[in-house]
1. I need the calculated FRET efficiency for the pair residue 292 and residue 370, taking r as the beta carbon distance and R₀ as 35 Å, to the nearest 0.05.
2. Run the reach check for residue 295 against lysines, Cα to Cα strictly under 19 Å, same-chain hits fewer than 8 apart removed. What comes back?
3. Mind ranking 40, 281, 225 by accessible surface for me, highest first, 1.4 Å probe?
4. Once fully extended, how much extra length lies between residue 127 and residue 322, figured as 0.36 nm per residue of separation less the alpha-carbon to alpha-carbon distance?
5. Starting from the 7 Å offset along Cα-to-Cβ, what nm value, one decimal, do you get for the label separation of residue 349 and residue 153?
6. For every helix of n ≥ 4 consecutive DSSP H residues, a contribution of -39,500 (n - 2.57) applies; sum these over the chain, divide by its total residues, and give [θ] at 222 nm rounded to the nearest 500 deg cm²/dmol.
7. Rounded to whole Hz and in sequence order, give me ³J(HN,Hα) for the stretch 233-248 from the Karplus expression 6.51 cos²θ - 1.76 cosθ + 1.60, θ = phi - 60°, writing x for Gly and Pro.
8. Given a Förster distance of 25 Å, report the FRET efficiency between residue 242 and residue 211 from their Cβ-Cβ distance, rounded to the nearest 0.05.
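The values are calculated or read from the model by the stated rules, or taken from the named source; none is laboratory data. Worth saying up front: this structure is predicted, and the values here are computed from it rather than measured. Backbone-built Cβ (ideal geometry, glycine too); neighbour counts: all protein chains shown. The accessibility values were calculated without ligands, DNA or RNA, using every heavy atom of the protein model including side chains. Shrake-Rupley method; radii C 1.70, N 1.55, O 1.52, S 1.80 Å.
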Amino acid sequence: MMKWAVVLCALVALSESIKISLIKGKTARETLMEKGIWEETRQKFPSNPMAKFYQTGDEAMTNDADLSYYGVISIGTPPQSFKVIFDTGSSNLWVPSVSCSSQACQNHAKFNPAQSSTFSWANQPVSIQYGTGSMTGQLAYDTVSVGGISVTKQIFAASQTEAPFMAIMVADGILGLAFPNLAASGATPVFDNMMTQGLVSQNLFSVYLSRNSAEGSVVSFGDIESNYYTGQITWIPLSSETYWQINMDSVTINGNTVACNGGCQAIIDTGTSQIVGPTTEIKNINSWLGATADKYGDALVNCNNIPNMPEVTFTLNGNAFTISASAYTSQDWLSNSCRTGFGNGGTQQLWILGDVFIRQYYAIFDRQNNSVGLAQAT
């Protein structure tokens, strides 16, 4: 009887949601605008939102000045805490180390291997490319705690140099949630170890991003939480098991196809703030919205016109997902201007449905069935 009671307790514990709260903090853009150095910085670090999606043999990241969601994890025994971006568009976990001398490491938490009794080096270097530089470091193993559970012998990168742009980011590092074959140096992603070690009741995780509040956003590992969405979940099969990549049929405004005519590929990415697409097609969308581009490529609109601007519909695998004007625009309070959330992605024929999209649609990333579930967010 006692044995069965122990088994039952174990099953109950496993079925509990592994939830980690995300903080919606200030973006790098907002911080730099407050300091009066945004214009200077954006010239020095031009945006390249597609940088991490170019396959070069190394996992790549980018300088996204509008990322605002991050959560706290810990590494080591006793635990050392770090703010990380939970990024479904990359696969590595990395944080700064005490041996990092770059400016970006000086104002972020740094991991100290000497203070962890469960730490060991992997004796392998790692390099992760950015749009404006790179992160280099060493791979290592330690216990990583996420949402109250501990992933043992998790491989991660301890940075030794970092791209200058990271100095103005809130997050200390990145926790990648894409597929293993994208990971630099063959490192096993955190979620893969969660599955292997039996730490999740289902081989999926879900993301809810709050629209306005600084609190309320969550990543839930192993669970779909009904309080974060309304209506039915639409399941879309992956077209590639690298990124969370799916087939997109078209982008329409007022019934007119304005982009992705004849179909294209799209990636659901929590680590990109905007909706990003090929430059010519993004220009066409912004033109339909009455936006004008500034010298840096931001699409500006009159804030007073937002209530009358049209919806934009993305048809994914035959299912329509509509974004309202209030959802795809944002206001820079310091400059008193408004801009759309559609960003230029260069010549690559690939779309990134980032946080602008995910704020409207609760996203479920299912490794068991290699599919993405989307439902109207509450």
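1. Here the calculated transfer efficiency is 0.30.
2. Here the lysines satisfying the reach criterion relative to residue 295 are 44, 283.
3. If we order 40, 281, 225 from most to least accessible, we get 40, 281, 225.
4. 66.4 nm
5. Taking the two extended label points, one gets 4.5 nm.
6. Helix-only estimate at 222 nm: -4000 deg cm²/dmol.
7. 8, 9, 9, 10, x, 6, 9, 8, 9, 10, 7, 8, 9, 9, 7, 10
8. 0.30
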